[in-house]
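Report on the structure given below.
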Amino acid sequence: MNQKSSNVVWEKPLITRHDREALNGHKSFVLWFTGLSGSGKSTLAHAVEKKLHESGCRTFVLDGDNVRHGLSSNLGFSEEDRKENIRRIGEASKLMTEAGVITLTAFISPFRADREMVRS
């Protein structure tokens, strides 16, 4: 993504993802659940999260409806807004991964190009 400001620099952390993973006792990663509305994405993501949590893992579910109450509350459902929503979720997932958390996402994510962008 192109930055609108030229004076933005990435701040190098003193505590790394590797440090957080070592403290947690597990690697961080993203599980991306996608499918049609009402297909069980959120139900499955929460069930997997419960099992991981019971195993001592640090987890968090990013659910499509919940995210639209805050982070994406200014977006509708046009193609452009759906793309921006997925971009934001990808960035939030990236931050959660850096924090050492196993992140489970449940989003319709209908556009292959958007899923590929997030994957990369």
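The label point for ASN24 and the one for ASP65, both projected 7 Å from the Cα toward the Cβ, are 2.6 nm apart.
When you filter the chymotrypsin sites (Phe, Trp or Tyr not before Pro) in the range 1-110 for DSSP loop state and at most 14 other Cβ atoms inside 10 Å of their Cβ, you are left with TRP10, PHE29, PHE77. Report summary: the helix-based calculation at 222 nm, which adds -39500 (n - 2.57) for every DSSP H run with n ≥ 4 and divides by the residues of the chain, gives -13500 deg cm²/dmol. Think of each Lys and Arg Cβ as +1 and each Asp and Glu Cβ as -1; about the Cα centre, that makes the dipole of the chain roughly 200 debye. Counting neighbouring Cβ atoms within 10 Å and putting the fewest first, the residues ILE108, ILE89, ILE102, ILE15 line up as ILE15, ILE108, ILE102, ILE89.
Under 14 Å of direct C-alpha separation, and excluding same-chain neighbours fewer than eight residues apart, LYS12 reaches these aspartates and glutamates: GLU98. The trypsin sites (Lys or Arg not before Pro) of the range 1-31 that DSSP puts in a loop, and whose beta carbon has at most 14 other beta carbons within 10 Å, are LYS4, LYS27. Report D for the chain in µm² per second (integer): Stokes-Einstein, Kirkwood Rh on Cα pairs, 10 °C, 1.306 mPa s. D = 103 µm²/s. Short-range pairs are left out: with C-alpha atoms under 8 Å and at least six residues apart, the relative contact order of the chain is 39 percent.
FYI, it's all coordinate maths here, none of it is from the lab. From a predicted model like this one, the values you see are computed outputs, not experimental measurements. Backbone-built Cβ (ideal geometry, glycine too); neighbour counts: all protein chains shown.
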